[in-house]
Amino acid sequence: MLLRFTVENAFCFGPEASLSMVASSDDRHNSHVCSGKGSRPDILRVGAIYGANGHGKTNIVRSIAALRQLVAEQKWSVPRFKLNPLTLNSPTKMIIEFRFREFDYEYGVIVHGKVVSEEWLFRTSQAGKEAKLFERTSTKTEKGFITNVSAGSGLRKMKSPVDSVGMDKYLEILSTGLKETRPFLSEANERELPLLAPAYEWIVNVLTPVTATSNYAPLFERVNSDNEFRAFLQKFMKTCDVGIEELRVHSIKFDDKLFSNIPANIKEKIHLLENDTIFRIEGDDGVSVAIERDDKGDLIVKRIGAIRLDPKGKKIDFSFDEESSGTRRLLDLAPMLAESEVERIYVVDELDRKLHPMLSYKFVEEFLKKRRDQLILTTHNTHLMDLDLLRRDEIWFVQKRNDGSSDLYSLAEMKIRPDLNVEKGYINGRFGAIPFLGAFPDIKVN
């Protein structure tokens with residue numbers, strides 16, 4: 001689970017800003033807290049981030065996604081903070097602290113341009129003992145970059161993957177050949193160094209950034225083949241009162257005239273499809289189809305559809321693209337509520353996009369009933385600022401400083417009465433992180 005994320009000199013973040021999921025002493029909603037056990041801190045399962053448009057909510061998600069992309073794909077396209085001429089040529093720093101299995105980890109990078117100039121990974125046991133796994137530096141010289149990896153004792157004691165050289169020599173060879181733009185953690189994963197594998201796995205496979213326009217890619221496959229998942233979605237959609245009675249996969253015979261808008265080169269590939277091969281076409285707003293051959297060799301188009309009831313109770317088929325954009329958004333988010341075999345950390349931008357405020361509230365309420373997983377979200381939905389739903393340390397704000405950089409702070413940092421109407425206080429500007437519109441009629445919140 002995410003413990004803390006820190007960013008400096010990236011996007012709208014100038015000086016260091018941190019989002020912490022470490023639980024405070026707040027005694028409300030103990031079920032929202034995952035015990036640290038031993039000397040480690042307790043962790044919150046939900047964090048909701050508020051702020052005016054243009055103040056940096058989306059850039060929190062972008063920053064986390066950028067760090068994940070650096071490790072997973074060795075790509076880096078993060079702009080530095082542009083409003084301070086003194087730091088335009090300074091590096092960007094990102095640090096992510098997380099708990100995975102029996103250890104807490106701290107992974108950090110300092111990136112100058114596209115060069116990973118510094119990188120480190122530490123881990124802490126349940127007993128509170130911290131150990132260095134590695135530290136890396138890349139230094140520019142007249143002959144190019146020299147990269148050095150200082151390995152911790154645990155890494156140096158491992159058996160070398162190459163029998164002909166010891167581990168110290170093997171790590172030295174890795175350091176020498178490591179490209180200055182490539183994280184050592186990515187290289188270690190490729191070289192199958194098991195001590196570092198959990199950190200790589202968490203960042204790449206567990207951490208799940210979700211943009212405001214993301215679609216849930218496996219939706220078609222899971223509705224088509226996973227009866228338990230489909231039943232869960234159907235039950236949740238009924239709970240949300242969107243009118244969907246059932247979800248199913250509709251099949252129709254492929255017809256060139258019916259799909260006249262498909263480019264000729266794509267049609268050619270479709271007609272050349274062999275048996276046991278599936279061709280997928282992704283459309284806007286999550287609409288997708290799968291094309292395959294049936295037992296007779298005919299091309300069949302499959303896509304998700306919904307069943308609704310007419311006034312007499314008769315079942316009527318609707319295609320996915322006939323559903324409202326809000327319903328499709330809900331179907332893309334709902335899989336986060338299903339219990340999964342692996343831990344997931346969802347970082348969702350604009351959770352409330354296209355959703356009624358009550359549906360956003362219901363979504364968070366249902367998420368908190370899960371056995372595990374973590375949700376960090378950005379939102380404008382002030383109805384979530386309800387201390388019957390969230391703790392004070394689960395409500396965060398992002399606000400521009402006078403120098404144009406963004407700051408992050410929690411409601412738990414402020415002294416408020418336990419019975420305070422937080423939503424009303426926020427709308428009235430008590431906590432900042434709202435747009436200043438000059439003379440404007442008061443917005444009444446009961």
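The values are calculated or read from the model by the stated rules, or taken from the named source; none is laboratory data. Because the structure is predicted, anything quoted here is derived from the model rather than measured. Ideal geometry is used to build each Cβ from the backbone, glycine not excepted, and the neighbour counts take in all protein chains shown.
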field: Residue in the range 352-408 that is surrounded by the fewest Cβ atoms within 10 Å (Cβ to Cβ), counting only those that are of a type in the set (Ser, Thr, Tyr) and in contact (Cβ under 8 Å) with a residue 40 or more places away in the chain
entry: 382
field: Residue check, residue 204 of a type outside the set (Asp, Glu), closer than 26 Å to residue 64 by Cβ and buried (at least 19 other Cβ atoms within 10 Å of the Cβ)
entry: no
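Would you point out which residue out of 21, 1 is buried (at least 22 other Cβ atoms within 10 Å of the Cβ) and hydrophobic (A, V, I, L, M, F, W, C)?
Working: 1 fails: buried (at least 22 other Cβ atoms within 10 Å of the Cβ).
Criteria check complete, one pass: 21.
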query: What's the number of the condition residue 189 fails, among (1) of a type in the set (S, T, N, Q); (2) buried (at least 16 other Cβ atoms within 10 Å of the Cβ); (3) not in a helix (DSSP H, G or I)?
result: (3)
task: Among the candidates 13, 98, single out the residue that is in contact with a Ser or Thr (Cβ under 8 Å, 6 or more places away or on another chain) and in contact (Cβ under 8 Å) with a residue 40 or more places away in the chain.
output: 13
task: Would you mind telling me which numbered condition in (1) closer than 27 Å to residue 345 by Cα; (2) in contact with a strand residue (DSSP E or B) (Cβ under 8 Å, 6 or more places away or on another chain) residue 193 fails?
output: (2)
- request: Starting from the range 62-73, keep only residues that are assigned by TED's automatic domain parsing to the domain that holds residue 189, then list their pairs with residues that are part of a helix (DSSP H, G or I) whose Cβ atoms are within a distance under 7 Å, requiring at least 6 positions of separation or different chains.
  value: 68/203; 68/204; 71/185; 71/186; 71/200; 71/203; 71/204; 72/204
query: Just for the range 315-361: of the residues that are among the polar types (S, T, N, Q), more than 24 Å from residue 202 (Cβ to Cβ) and not in a helix (DSSP H, G or I), which one is modelled with the lowest pLDDT?
result: 319
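Among the residues of the range 98-138, how many are more than 25 Å from the chain's Cα centre (by Cα) and either aliphatic (A, V, I, L, M) or under 23 Å from residue 69 (Cα atoms) (or both)? Quick ask: steps written out before the conclusion?
First pass over the range 98-138, keeping only residues more than 25 Å from the chain's Cα centre (by Cα): 117, 125-138.
Subsequent filtering for residues that are either aliphatic (A, V, I, L, M) or under 23 Å from residue 69 (Cα atoms) (or both) retains 117, 127, 131, 133-138.
Looking only at that region, the number is 9.
Return the only residue of 304, 266, 316 being loosely packed, with under 15 Cβ neighbours inside 10 Å, of a type in the set (A, V, I, L, M), touching a Leu at 6+ places or on another chain (Cβ under 8 Å) and not assigned by TED's automatic domain parsing to the domain that holds residue 96. Break it down stepwise before answering.
On the way: 304 fails: loosely packed, with under 15 Cβ neighbours inside 10 Å; 266 fails: touching a Leu at 6+ places or on another chain (Cβ under 8 Å).
From the options 304, 266, 316, the qualifying one is 316.
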task: Could you figure out which of (1) over 30 Å from residue 427 (Cα atoms); (2) surrounded by fewer than 22 Cβ atoms within 10 Å (Cβ to Cβ); (3) out of contact with any His (no Cβ under 9 Å at 6 or more places or on another chain) isn't true of residue 89?
output: (3)
- request: Please indicate, with yes or no, whether at least one residue in the range 102-124 is of a type in the set (Gly, Ala, Ser) and over 20 Å from residue 75 (Cβ atoms).
  value: no
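Does residue 326 satisfy the criteria of being on the phi > 0 side of the Ramachandran plot, out of contact with any Ser or Thr (no Cβ under 6 Å at 6 or more places or on another chain) and surrounded by fewer than 17 Cβ atoms within 10 Å (Cβ to Cβ)? Reasoning before the result, please.
On the way: on the phi > 0 side of the Ramachandran plot: no; out of contact with any Ser or Thr (no Cβ under 6 Å at 6 or more places or on another chain): yes; surrounded by fewer than 17 Cβ atoms within 10 Å (Cβ to Cβ): yes.
No, not satisfied.
For the range 202-211, indicate whether the set of residues that are of a type outside the set (Gly, Ala, Ser), without any contact (Cβ under 8 Å) to a residue 60 or more places away in the chain and either closer than 26 Å to residue 326 by Cα or outside the structural domain of residue 57 (by TED's automatic domain parsing) (or both) is non-empty. Talk me through it step by step, then tell me what you get.
Keep residues of the range 202-211 that are of a type outside the set (Gly, Ala, Ser), which gives 202-211.
After this cut, where a residue has to be without any contact (Cβ under 8 Å) to a residue 60 or more places away in the chain as well, the list is none.
Looking for residues that are of a type outside the set (Gly, Ala, Ser), without any contact (Cβ under 8 Å) to a residue 60 or more places away in the chain and either closer than 26 Å to residue 326 by Cα or outside the structural domain of residue 57 (by TED's automatic domain parsing) (or both), one finds none in the range 202-211, hence no.
Could we say that residue 125 is touching a strand residue (DSSP E or B) at 6+ places or on another chain (Cβ under 7 Å) and surrounded by fewer than 17 Cβ atoms within 10 Å (Cβ to Cβ) here? Lay out the reasoning, then the answer.
Working: touching a strand residue (DSSP E or B) at 6+ places or on another chain (Cβ under 7 Å): yes; surrounded by fewer than 17 Cβ atoms within 10 Å (Cβ to Cβ): yes.
Judged against the criteria, residue 125 is a match.
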message: residue 332 - would you say it is under 27 Å from residue 58 (Cα atoms), surrounded by 15 or more Cβ atoms within 10 Å (Cβ to Cβ) and not assigned by TED's automatic domain parsing to the domain that holds residue 99?
response: yes
message: Just to be sure before I move on: is residue 220 over 22 Å from residue 372 (Cβ atoms), aromatic (Phe, Trp, Tyr) and outside any loop (DSSP other than H, G, I, E, B) in the structure I sent?
response: yes
- prompt: Taking the stated definitions as given, is residue 255 more than 25 Å from residue 211 (Cα to Cα) and either assigned to a strand (DSSP E or B) or not aliphatic (A, V, I, L, M) (or both)?
  reply: yes
Any hit, the range 165-185, residues being farther than 18 Å from residue 120 by Cα, more than 27 Å from the chain's Cα centre (by Cα), part of a helix (DSSP H, G or I) and aliphatic (A, V, I, L, M): yes
- prompt: What is the number of the single condition among (1) loosely packed, with under 14 Cβ neighbours inside 10 Å; (2) assigned to a helix (DSSP H, G or I) that residue 241 does not meet?
  reply: (2)
query: With respect to the numbered conditions (1) in contact with an Asp or Glu (Cβ under 9 Å, 6 or more places away or on another chain); (2) of a type in the set (Lys, Arg); (3) modelled with pLDDT under 90, which one is the sole condition not fulfilled by residue 179?
result: (3)
